[in-house]
1. Please pick out the residue among Q2, Q72 that is touching a residue at least 60 places away in the same chain (Cβ under 8 Å), surrounded by 16 or more Cβ atoms within 10 Å (Cβ to Cβ) and within 16 Å of G113 (Cβ to Cβ).
2. Check whether at least one residue in segment 188-210 is assigned to a helix (DSSP H, G or I) and farther than 18 Å from V300 by Cα, and report yes or no.
3. Kindly list the number of the only condition in (1) out of contact with any Lys or Arg (no Cβ under 9 Å at 6 or more places or on another chain); (2) of a type in the set (V, I, T); (3) modelled with pLDDT under 95 that fails for I86.
4. Condition test on K219, is it free of Cβ contacts under 8 Å to residues at least 24 places away in the same chain and not assigned by TED's automatic domain parsing to the domain that holds R159?
5. Any chance you could count how many residues in segment 5-26 are touching a Ser or Thr at 6+ places or on another chain (Cβ under 8 Å), under 20 Å from N254 (Cβ atoms) and not acidic (D, E)?
6. In this structure, does S236 turn out to be part of a helix (DSSP H, G or I), modelled with pLDDT under 90 and outside the structural domain of S26 (by TED's automatic domain parsing)?
7. Being under 18 Å from Y33 (Cα atoms) and crowded, with 17+ Cβ neighbours inside 10 Å is the filter; apply it to segment 317-329 and report the residue that is farthest from the chain's Cα centre (by Cα).
8. Please specify each residue of segment 221-233 satisfying the condition of being surrounded by fewer than 17 Cβ atoms within 10 Å (Cβ to Cβ) and part of a helix (DSSP H, G or I).
Amino acid sequence: MQGRAPGKIILSGEHSVVYGAPAIASAIQLYSYIDYTPIKGSDLIAEFVGIKVHSNHPIAKLSPLVSFLDRQFQKFVDGAIQVDKILNSPVQLVLYVLASQLPTKSLSAHFNGNSQLPIGAGMGSSASIIAAAVVLVESINKKPLSPVERYQLVKHCERLQHGKGSLIDAATVILGGIVQVQEQSVTKLPLRLDRHWYWLFTGTPQCSTGECVSFVAEKHAIDDSLWQAFSACTQSLIKQLESGGDPSDVITENQRLLEHIGIVSQRTQEIIATLKERGASAKVSGAGAYIGDSSGLLLVYAKDVDPQQLFAGFNMKWGKVEQDLQGARVLTND
């Protein structure tokens, strides 16, 4: 049995969702997997290829681990530790899901995980692997959860990774397709992306999402007209997707606003300018960064342009944005 969940890419509303404006994201066909094989014994075996983990965990110590991580999170909330000190290793994030949701008898198993998603790229890698664990747990327990219960559980568990779980990440990887979030309200939109969308990874930002959000809030929180402009971009993009129109102008305007709030490096602006010269429109997709050269992920729209020529010379990971429409699910050997 295997739990499988897609990654995601933010289409619009990266920062404005904090101020009550809508944000939209699409699930993409890059996946995280967790295979479940019951075994005899009193250990849980965790093997995760991408982070090079192969470890045995006595089942008797897993319940104390859940309590320990809850206490670590509370220390973070109280300001006693930094967010990167909550977890001792990435595998604890998955162990937390499994140990908090499965009965002891089901923990005697080999959990083998992997992900196609680059870590730190703003593609929802942590939400994706948690979602794969959540639907797997649901199937093992034979206790169906509602979609809302699923993404709320993903959001709750992801708080250990980022200090605050992302509702748009959790909802998108659970539901699939294009998802809109506005003031804690989630809506799945009946929209499709055409074949002209790509992503380009400029590198992992030197500041966290939370740090970047705080930076923007300090400088622009009370600028209502700015957040209305961001909201207008999101609504315009939705209309373009509904009509099958060209979203290039909307993307360019959204990127201008992101540069205005100070989360796009000079190097990234130069990359976007080069892409424009080659016939594409691009914008930062995610929180960006206010320090360093890397701004995380770029969303790129390029019609009738050879992608090999479009991304030539950047020496960066890139790919085609292909939508996942199903969201997290369980695959069986039947």
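The values are calculated or read from the model by the stated rules, or taken from the named source; none is laboratory data. Remember, predicted model here, so these are calculated numbers, not experimental data. For neighbour counting, all protein chains shown are included, and Cβ atoms are generated from backbone atoms with ideal geometry for every residue, glycine included.
1. Q2 is the lone residue from the list that is touching a residue at least 60 places away in the same chain (Cβ under 8 Å), surrounded by 16 or more Cβ atoms within 10 Å (Cβ to Cβ) and within 16 Å of G113 (Cβ to Cβ).
2. Of the residues in segment 188-210, the ones assigned to a helix (DSSP H, G or I) are 209-210.
If we keep only those that are farther than 18 Å from V300 by Cα too, we end up with 209-210.
Yes, there is a match, as at least one residue in segment 188-210 is assigned to a helix (DSSP H, G or I) and farther than 18 Å from V300 by Cα.
3. All conditions pass for I86, except number (1).
4. No; evaluated as a whole, the condition is false for this residue.
5. Residues meeting the conditions: 13.
6. no
7. It comes out as R329.
8. Going residue by residue through segment 221-233, those that are surrounded by fewer than 17 Cβ atoms within 10 Å (Cβ to Cβ) are 221-225, 228, 232.
Residues satisfying the conditions are D224, S225, Q228, A232.
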